[in-house]
Each structure stands twice: as C-alpha cells, then as structure tokens.
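Enquirer: Structure incoming, see below.
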Amino acid sequence: MACSFLIYGASGDLTRRKLIPALYQLHRKARLPRDTHIVGLSRTDMTDDDWRVMLAESTAQFARDGFDQNSWDEFAKLVHYRSTDITDADDFCRIDRAVAEIESSQNADRVYYLSTSPKLYETAVANLGYANMADESNGKRRIVIEKPFGTDLASSQQLNKSLHSVFREDQVYRIDHYLGKETVQNMFVLRFANSIFEPIWNRNYVDHIQITVAEEVTVGTRAGYYDTSGVLRDMIQNHLFQLLMITAMEAPAKYNAEYVRNEKVKVLQAVRPIGVEEICSQTVRGQYDGYLDEPDVPSGSQTATFAAMRLWIDNWRWQGVPFYLRSGKGMSCRTTQIVVQFRDPPHLLFGKDDRRNSLSNRLVIQIQPAEGIQLHFQTKVPDAGMQVRMTDLDFSFTREFQGSMPEAYERLLLDAAEGDASLFARSDEVELAWKIVDPIIDAWQTPNAPPLETYPTGLWGPEKCNEWMQSHDREWFDVCPILR
Ligand code: BG6
C-alpha cells in the first residue's frame, strides 16, 4: 500500500536530526512502503527544492550510516514541501487536497507526524478532524505524537480526550523513542525466547532490580523546556517506566500491540503509590552543581536534574522485590542499564561470609551505548585454596552482529506506517504513569520533600543516594561500560 508521511513541524530540529535521516536510511535499505511520499509542512515559505537542499545538508550530518549522493537524489524525489499555518483549520483542507495530488494512487495510507511544540497538538488534532483527515475511506490514517503527553495526569487525560474526539485509540501512535532501541526490544527476546531466565525472574531469586539512565551531558541550552519539566517528567515518567514495565511484565500470550500493552499496563497498575509521608524514605533528588548558571535557568530554581526512587510492585511475581530507578544529567558517563541482582547463595562455603550483594550473581543488561548483556558469577581463582572472584559471560551486540545498530526512529516510523503499535505508548499506560509520578512531583513541592542535594558533575549523582542505597544493605552498580 502506498504511504504518505505528513510531517508538521518540518523546519524543526527533530525533523532534521532524526525523522528525515531515519526515512532516508529506510529508503536505502528498501524498507519504505512502495509509493512513499514525505510531505513537510510548516509556516516557512519554501519550495520543494529549498527543503530538499536543507535536508541534504542536515542528513549528511546526522545520517547514522553515512550519506550517499546517488541514493539521496533518489530519495529526494519522494520529498515535498508545502507551507501551512497549523492554527488555520481551512488550511488543512487545502493541504489535504495538495497531498492527494502528490499521491500517485487514490488509495494511500497516511501518517500524520506532529513534530511540533506539544502546545499545538490539540489544535492540530482538532483541525485534522475539521478537514475530515482521519477518515479512512481512502487508506489508513494514523497520527504520531512525541512526548511529553501532557505534564500531569489531568493534562494527559485532556490530550487523550482531544485525540479520541478525532482518532480512534488504534490510530494514535505515541512515541517513546526508548522503545525503538534494539536493546529494549531485545528485552522481550531475552525474557520470552529463552527458557532459562523465566524460572528465576521473580521474588524467589531476585534480590532487587536497578534501572539506571545516566547522562553525561548537562541541560545546556535546553533550560527553557527542562526547568519546567525536571528529571521526573523528562525521563522517569516515560523512558524509565517503559524499561520498568518491560522488565517486570508477564509474558503476553501473543506478541502484538494489544497483548503486549495489556501486560505492560498491569505492571503500572501494581506499582504501590508513594505517599507523601514516605517521600523521604523512597526518593532522593538532586541538582548538579552549575545548573543554576545554565542559560535561562531562573535563579534559585529547585528543579531536580537527578532522581532516584524505590518502587514496589504488588503482585505475585515481585512482592518484596524493590525496583530502584535512577536518572540524572551531569553524571559520570552515558549509560542506560538494567541490573537484575540475584539473591545471595543460602549458605556460603567459600570466602568470607560477607553478604554484600555485590558478591552475588547479577545480570547486567546494557541498553546503551555498549549494547550487550553480562552475567556475573563467582569463579575459583586458579591456585591453591578456594579463593573466589567475580567473573562474567559477556555478550556484545557489535561483536556478534555486523554493522551499526539502527536508529530508534527507523523502526518506529516503519511500524507506524505498517500499523504495528506494539512499540508505542497506549493512553492508559501514559495516564497510569502520571498517576505514579504526580504524587512524587507534588510531594517534592511540600516541606516534607527530601532535600535537593547538589552534586558535582562527572560522578554518579548525590553522595546521599549512595548512602540511601547502603542503608538498605545494597549498592549501586556504578560501572561505566567499555565501548568496543
Ligand atoms: C529525551 C529527553 O526524551 O531523552 C532528553 O528529553 C534526554 O533530556 C534524551 O537527553 C535521552 O535519550 P537517549 O536516547 O540519548 O538516551
């Protein structure tokens, strides 16, 4: 089936850096649906050729697997541009006709990609409805939106209501780019295509789970957005919760959007809410030293750039197993990892009876940038006696598979075109995530809030966070991955 991608916000950063390079890459791999057209839409007055020239430059800069002039010339023929005013409902009717003229067949699926400011989502959706552009008489109609999906439960409900007044839920594709990462998808395979992990993936064998998304970068020039968002809205409510759901969910009966997302939602339903009275014992918050000097940060800002929390999942599999989530900017290195820390052996025969959990088995799932998995286990040190040492089995994606890892957007754009929503967030998932995060955001505004710890950049966040972990007789797995 022919497919048209209509990108609202065509002159924006996301379009140049991610969307067009991903579509170009898909074209090179011959993965785009036949008769694909890409129509850029924004207010700027430009011709098709103006836009193509701009995109050639940015794609050469951002395409992951390089730039080839011949394949670009072919790809550029698929690219069109129309200027439009997203707030003008009648203009949508004009664009609808213009796109129909570009489309070579009468029947073509369409993906409406809102790569605009989230403030414009509801207007754009209403105008798509006004122009009858969700109507599926001539092909499927899907809408893709980027996070943030609201800034709290009430606003996300409002956004979902607006979306559902024009589109059915199965036409809505909410992007969380973490789900487009190969290693995140591999979590499904690791857990549900192998039989050896499942029997031990529960409270009987797992002591706790750590999910860390550490970024070396600081907020830089993004404070205009970031200061009102902070780490809870920017990272935890979406990316870390996605990792949490996939780590903790039950196996779906089938791998499809409905079944997978049903299981993910059940995880969030089982997360025990954090009450205001336990906010200090369950969360740590921090701000890196120097944040207040970043451009556009209001003086005295209390925005957290680091958060750690302990969540409990009240179901049979995970009762009593804490999930530690942590994310921050200005950290030691860029690493996203899920650590499954297994329990101590019940009786220690070798070595000192030193029950620090760093001596027990551990599965380290490296989501990025050193994509891979390590299983840590004790081994006898060769020589006299029975001295033991932690060693590991080490799997690396780049060592095992040729070529670089595809960009998340390649997979997600293709899935949206093909109508596979497995790797997109559903409305109930998003609302449940806000239900968990909102009380923390609120409690952090009260006198009961944990102190906002200042931490130096280049380390693993506030020292307080390590002490907090140690007070639970546990330690963070603070290891920067080795890039091979
Ligand atoms: C975005 C956040 O969603 O994810 C950014 O807004 C963050 O603040 C980014 O830097 C991290 O994505 P990745 O893919 O680099 O881990």
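Enquirer: Quick one: compute a quarter of the convex hull surface over the Cα atoms of the chain and quote it in nm².
Expert: Average of the hull's projected areas for the chain equals 24.7 nm².
Enquirer: Given charges of +1 on the Cβ of Lys and Arg and -1 on the Cβ of Asp and Glu, with all other atoms neutral, how large is the dipole of segment 430-482 about its Cα centre, in debye to the nearest 20?
Expert: In debye, rounded to 20, segment 430-482 gives about 40.
Enquirer: Could you check the spin-label model distance between residue 196 and residue 278? Points 7 Å from the Cα along Cα→Cβ, value in nm.
Expert: 3.6 nm
Enquirer: Taking square-rooted eigenvalues a ≥ b ≥ c of the alpha carbon gyration tensor, is segment 115-229 rounded, prolate or oblate, where a/c under 1.5 means rounded and, failing that, a/b exceeding b/c means prolate?
Expert: oblate
Enquirer: Then there is this: Is there a pair in 181/464; 147/181; 119/161; 119/140; 29/140; 18/147 whose C-alpha atoms are over 20 Å apart, and which pairs would that be?
Expert: Distance filter (> 20 Å) returns 181/464; 119/140; 29/140.
Enquirer: Could you give the length gained on full extension between residue 292 and residue 222, defined as 0.36 nm per residue of separation minus the Cα-Cα distance, in nm?
Expert: 23.9 nm
Enquirer: If contacts are Cα pairs under 8 angstrom and at least 6 residues apart, what is the relative contact order of segment 76-165 in percent?
Expert: Here the relative contact order equals 31 percent.
Enquirer: Let me ask you something else. Cysteines without a disulfide-compatible partner in the chain, using Cβ under 4.7 Å as the rule?
Expert: 3, 93, 280, 465
Enquirer: Shifting gears a bit: Taking Cα atoms, how many degrees apart are the long axis of helix 89-102 and the longest axis of the chain, rounded to 10 and kept between 0 and 90?
Expert: In the chain, helix 89-102 runs at an angle near 80 degrees to the longest axis.
Enquirer: While we're on this one: Once the dipole of the chain is set up with Lys and Arg at +1 and Asp and Glu at -1 on Cβ about the Cα centre, which of 424, 123, 363 lies farthest towards its positive end?
Expert: Of the listed residues, the answer is 363.
Enquirer: If you restrict to DSSP beta bridges whose two residues both lie in the chain, what percentage is antiparallel, to the nearest 5?
Expert: 50 percent
Enquirer: Could you work out how far helix 408-418 tilts from the main Cα principal axis of the chain, as a 0 to 90 degree angle to the nearest 10?
Expert: The helix 408-418 is inclined about 50 degrees to the chain.
Enquirer: Using the alpha carbon gyration tensor of segment 1-69, what are the three equivalent-ellipsoid semi-axes (square root of 5 times each eigenvalue), largest first, in whole Å?
Expert: 18, 16, 10
Enquirer: Further question: Taking the Cβ of each residue in 472, 27 as the centre, tally the other Cβ atoms inside 10 Å and list the residues starting with the fewest.
Expert: Taking fewest neighbouring Cβ atoms as first place, the list is 472, 27.
Enquirer: Can you give the calculated 222 nm mean residue ellipticity of the chain, where each DSSP H run of n ≥ 4 adds -39,500 (n - 2.57) and the sum is split over every residue, rounded to the nearest 500 deg cm²/dmol?
Expert: Estimated from H runs of four or more residues: -9500 deg cm²/dmol.
Enquirer: At 0.36 nm per residue, and after removing the present C-alpha to C-alpha distance, how many nm does the segment from residue 104 to residue 398 gain when stretched out fully?
Expert: Length gained between residue 104 and residue 398: 101.8 nm.
Values in this text are rule-based calculations from the coordinates and carry no lab data. This structure is a prediction, so every number in the text was calculated from the model and none was measured. Every residue, glycine as well, gets a Cβ built from its backbone with ideal geometry; the counts of neighbours run over all protein chains shown.
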